[in-house]
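Some notes on the structure that comes next.
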Amino acid sequence: MNILIVKLSAIGDVIHTLPSLAALRKHYPDAHITWVVEEMASDLVMDHPHLDRVLVSRRKGWIGDLRRGRLGDAFKEIKSFLSELRARPYDLVIDFHGLLKSAVIVLLSGGNRKLGYESLQEGSGLFYNEKIPEDMDKHAVDRYLDFARHLGVHVETPEFMLAIGPENETRVRALLAAGGIDPGDPFVAVSPQALWETKLWSDQKFAQLSERILQELNVPVVFTGGDASATEGIQSFMTLPSVDLAGRTTLRDLACLFRQAALLVTTDSGPMHLAAAVETPVVALFGPTDPARTGPYGDGHTVIRMEMPCSPCFFRTCDTKLCMREITVEDVFQAVRKKL
């Protein structure tokens, strides 16, 4: 049996789909399973033991090439991708994404059963010949597992398997050692970044929180993130030393790092879901989004959220950002203290 999974991005969404992959592999042990993913989250599924093949869609790169007039390069890559996509006759194609960009891939795959949500979001529902309802009151992990349940798969405890190898452990050990943290030493990881500006907390507050952790709890603070410059503002407000690993880890390195952390303080972001996947306690700061849908999955996590009449609004921009501004350093520090 040939199965194609389409879940392109983002980091958190790909992590939320991993339990469905595990359930499908358990139910179809001899199936050939392919996953189509975009570049940003591809590290999470490359070399994954449950997958036979990973196809990387460079959609944003292709669009960039076309805009720069590099038509030949773009069309050559797209043709190669489509050739690989259609190289297997898929018995089942599952669109976990449910947007136009993923539905087009489902259509172009030429698969037999094209399974997706009963949704007209961006017209995606028009591309499937088999549909299930999308229950938005469920957490994303459980919502995606509805596909497996529809297929008659027995779903037990969701399993978040990541392809973390010895090379990731070696790199993380070296990075921490360079910051003065030995193997086994407890530390608090802090992930201040987010793709939406409405999800961000202030640099000054992150700095004040970090200094209180360092001074009052006597625990090292390790900053993480994809953008190396994002933590510079926070550290400029600090007088005590911290370890800055932003921009220095792959996603699998980051998973390994979080697995060694005592806890993670984070915005609503991909790293939050990565820490939850490796069962590291999370203190998550929520504003415009709904933690019931996309909060850290599992037990042992703390969500800090101010009750606002306008929240959750799911807006990416906001004039006031009150829901995040009203979260105090004291609120977060007490949650950290309790966890530690």
Take Leu126 and tell me if it is more than 17 Å from Lys7 (Cα to Cα), surrounded by fewer than 16 Cβ atoms within 10 Å (Cβ to Cβ) and not acidic (Asp, Glu).
yes
Quick check on my filter: what residues within the range 89-140 are of a type in the set (Lys, Arg) and under 21 Å from Thr289 (Cα atoms)?
Lys138
Could you give every pair whose Cβ atoms fall below 9 Å, whose first residue belongs to the range 98-119 and is open to solvent by 10 Å² or more (accessible area, probe 1.4 Å), and whose second residue is among the β-branched types (Val, Ile, Thr) and part of a helix (DSSP H, G or I), counting only separations of at least 6 or pairs across chains?
Lys114/Val106
Can you tell me which residues in the range 203-217 are without any contact (Cβ under 8 Å) to a residue 60 or more places away in the chain and either buried (at least 19 other Cβ atoms within 10 Å of the Cβ) or within 25 Å of Asp253 (Cα to Cα) (or both)?
Asp203, Phe206, Ala207, Ser210, Leu214
Considering every residue within the range 148-163, establish whether at least one is basic (Lys, Arg), free of Cβ contacts under 8 Å to residues at least 40 places away in the same chain and part of a helix (DSSP H, G or I).
yes
Which ranges mark the strands (runs of 3 or more DSSP E) fully within the range 1-115 that have 1 or more residues being among the charged types (D, E, K, R)?
32-38, 53-57, 92-95
Go through (1) modelled with pLDDT under 95; (2) touching a helix residue (DSSP H, G or I) at 6+ places or on another chain (Cβ under 6 Å); (3) among the aliphatic types (A, V, I, L, M) for Ala275 and report which single condition fails.
(1)
List pairs: first residue in the range 279-290 and open to solvent by 10 Å² or more (accessible area, probe 1.4 Å), second residue among the β-branched types (Val, Ile, Thr) and not in a loop (DSSP other than H, G, I, E, B) anywhere in the structure, Cβ distance under 8 angstrom, at least six positions apart or on different chains.
Pro281/Thr302
Those residues of the range 44-73 that are open to solvent by less than 40 Å² (accessible area, probe 1.4 Å) and closer than 30 Å to Thr157 by Cβ come to a total of 7
Can you name every residue in the range 294-338 that is touching a residue at least 40 places away in the same chain (Cβ under 8 Å), open to solvent by 70 Å² or more (accessible area, probe 1.4 Å) and either in contact with a Pro (Cβ under 6 Å, 6 or more places away or on another chain) or not in a loop (DSSP other than H, G, I, E, B) (or both)?
Phe315, Arg325, Arg337
For the range 74-89, which residues satisfy the criterion of being touching a residue at least 40 places away in the same chain (Cβ under 8 Å) and open to solvent by 10 Å² or more (accessible area, probe 1.4 Å)?
Arg88, Pro89
Just name the residue that is farthest from Val6 (Cα to Cα) out of those in the range 129-146 that are open to solvent by 50 Å² or more (accessible area, probe 1.4 Å) and touching a residue at least 60 places away in the same chain (Cβ under 8 Å).
Asp137
Unique residue being under 27 Å from Met46 (Cα atoms) and of a type outside the set (Lys, Arg) when the list is Gln260, Gln235
Gln260
Residue pairs qualifying under the 8 Å Cβ cut-off, at least six apart or on distinct chains, with the first in the range 174-202 being among the acidic types (Asp, Glu) and open to solvent by less than 70 Å² (accessible area, probe 1.4 Å) and the second being part of a loop (DSSP other than H, G, I, E, B) and modelled with pLDDT of 95 or more, are Asp185/Pro220
Could you tell me whether the range 236-249 includes any residue that is closer than 20 Å to Ile15 by Cβ, of a type in the set (Val, Ile, Thr) and in a loop (DSSP other than H, G, I, E, B)?
yes
Among (1) in contact with a helix residue (DSSP H, G or I) (Cβ under 8 Å, 6 or more places away or on another chain); (2) at pLDDT 95 or above, which single condition is Ser311 missing?
(2)
Go through the range 221-243 and give me each residue that's open to solvent by 40 Å² or more (accessible area, probe 1.4 Å) and either within 21 Å of the chain's Cα centre (by Cα) or under 20 Å from Pro186 (Cα atoms) (or both).
Gly226, Asp227, Ala228, Ser229, Leu240, Pro241
Can you find a residue in the range 278-285 that is polar (S, T, N, Q), closer than 17 Å to His16 by Cα, modelled with pLDDT of 95 or more and not in a strand (DSSP E or B)?
yes
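The values are calculated or read from the model by the stated rules, or taken from the named source; none is laboratory data. The structure displayed is predicted, hence computed values, not measured ones. Heads up, the Cβs are rebuilt from the backbone with ideal geometry, glycines too, and the neighbour counts pull from every protein chain shown. We work out accessible area using only protein heavy atoms, side chains counted, and drop any ligands, DNA or RNA first. Shrake-Rupley method; radii C 1.70, N 1.55, O 1.52, S 1.80 Å.
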